[in-house]
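Undergrad: What follows is a single structure, and I will ask about it in a moment.
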Amino acid sequence: MTRLSALFATALAVTVVAAPGAATGVAVEIDSRTISHFGVGSAARAFGKLEFVGGLMYSSPNALVGAVSSIRFRPDHKHFVAVLDTGHWMTGSIERDEEGALAGLADVKISSMLNADGKDENSKYLMDAEGLALAPGAAIVSYEQNHRVDVYPDPGLETSGPKARYDIPYPRWEIRINRGFETIAVSPEDGPLAGAPVIVAERSLDAQGNMMAAILDGPLKGTFSVVRNDPYDATDGGFLPNGDLLLLERRFRLSDGVGMRIRRIKAEDIRPGAVVDGEVLIDADMSYQIDNMEGLDVMQLPDGDIRIVIVSDDNHSILQRNLMLEFRLIGGL
């Protein structure tokens, strides 16, 4: 049994009991508006290697909604789990219109993430959740500031503290306090990484200026690095069914504001000791419907279509927006 399997077995074996006073989820009101075009003032649908399907701009009287760091969809491609950098879970579902485009968010609930003692830590430094990955029986969360990768039981994540932890194979002093491992994604079971979780740092760099990364388990467990193209930083990622990694990156420059792009890193390139790079599938600036793009997930629909969903948070600022955008991978795999 690999350590990954052992961690999942541990999570599955746990009897989840709500901590005293722990909330199972507070219902949150969501107001949303559809986004029909990705390019501002343009009806174009294709952008690089992606086709825009539709999007949402959403808000809530509950300010916590503006803290989404990562999102993952359930196998039904409708229900989702997100982590907030305030130390909260957010769950809910998407609604679609008659043409299949995003139409709204429903049944949204927020609950506090619990620490290993089953208590609400209520500390930004200790509970700065940035990355999320789902695997059978487990929800895996990467944290910044107090850098770690914790494993929660799933189902039961809302009412349980973490039951296991992955070692991060870098000295803590090498990881920048607010530029840690924002990306965590679980590779396909039948791929070369055999279902192992992979982490990529936002902007913690090796001696050559590349972003630190690691395969946390499995036959190819070890560290590697991702070429950093200044001023881009990695914020999330997800695996395609063939094992290629999609990496979401954002930039900010005073000259032209916010930008985002998605890189595709080939499965066979991800291995210990490697320095990986990849094809840019899309590169967008403020002339497109983007903002502080924080999260990415990949879904394969029953008809084989590959969908990519990306989300932003507004950082509790009236100058930014909460967005959910959906794209189709042109040409499939």
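The values are calculated or read from the model by the stated rules, or taken from the named source; none is laboratory data. A quick note: this is a predicted structure, and the numbers were derived from the prediction, not measured. Neighbour counts run over all protein chains shown; Cβ positions are idealised from the backbone, glycine included.
Undergrad: Within the set of pairs 6+ apart or on separate chains, which have a first residue in region 48-68 that is aromatic (Phe, Trp, Tyr) and at pLDDT 95 or above, a second that is in a helix (DSSP H, G or I) and surrounded by 21 or more Cβ atoms within 10 Å (Cβ to Cβ), and C-beta atoms under 8 Å apart?
TA: 58/65
Undergrad: Could I ask something else about it? If only one of 174, 189 is of a type in the set (Asp, Glu) and within 20 Å of the chain's Cα centre (by Cα), which one is it?
TA: 189
Undergrad: Would you mind stating whether residue 76 is assigned to a loop (DSSP other than H, G, I, E, B), within 24 Å of residue 133 (Cβ to Cβ) and either among the acidic types (Asp, Glu) or touching a residue at least 12 places away in the same chain (Cβ under 8 Å) (or both)?
TA: Here the answer is yes, as residue 76 does meet what is asked.
Undergrad: Also, quick follow-up: Residues to consider are 257, 237; find the one that is touching a Ser or Thr at 6+ places or on another chain (Cβ under 7 Å) and either buried (at least 20 other Cβ atoms within 10 Å of the Cβ) or at positive phi (or both).
TA: It is 237.
Undergrad: Name the single residue that is nearest to residue 240 (Cα to Cα) among those in region 37-47 being in a loop (DSSP other than H, G, I, E, B) and either among the acidic types (Asp, Glu) or in contact (Cβ under 8 Å) with a residue 40 or more places away in the chain (or both).
TA: 38
Undergrad: Out of all the residues in region 225-233, is one or more of a type outside the set (Ser, Thr, Tyr), over 24 Å from residue 290 (Cβ atoms) and modelled with pLDDT of 95 or more?
TA: no
Undergrad: OK, next. Across region 278-325, what is the total count of residues that are of a type in the set (Asp, Glu) and surrounded by 15 or more Cβ atoms within 10 Å (Cβ to Cβ)?
TA: Of the residues in that region, 6 qualify.
Undergrad: Would you list the strands (runs of 3 or more DSSP E) that sit entirely within region 99-159 and hold 3 or more residues that are out of contact with any Gly (no Cβ under 9 Å at 6 or more places or on another chain)?
TA: none
Undergrad: Please report, ordered by residue number, the strands (runs of 3 or more DSSP E) entirely within region 201-304 with at least 2 residues that are in contact with a strand residue (DSSP E or B) (Cβ under 7 Å, 6 or more places away or on another chain) and over 30 Å from residue 43 (Cα atoms).
TA: Correct list: 211-215, 222-226.
Undergrad: Output the number of residues of region 213-248 satisfying the condition of being closer than 19 Å to residue 131 by Cβ and either aromatic (Phe, Trp, Tyr) or in contact with an Asp or Glu (Cβ under 6 Å, 6 or more places away or on another chain) (or both).
TA: Result for region 213-248: 9.
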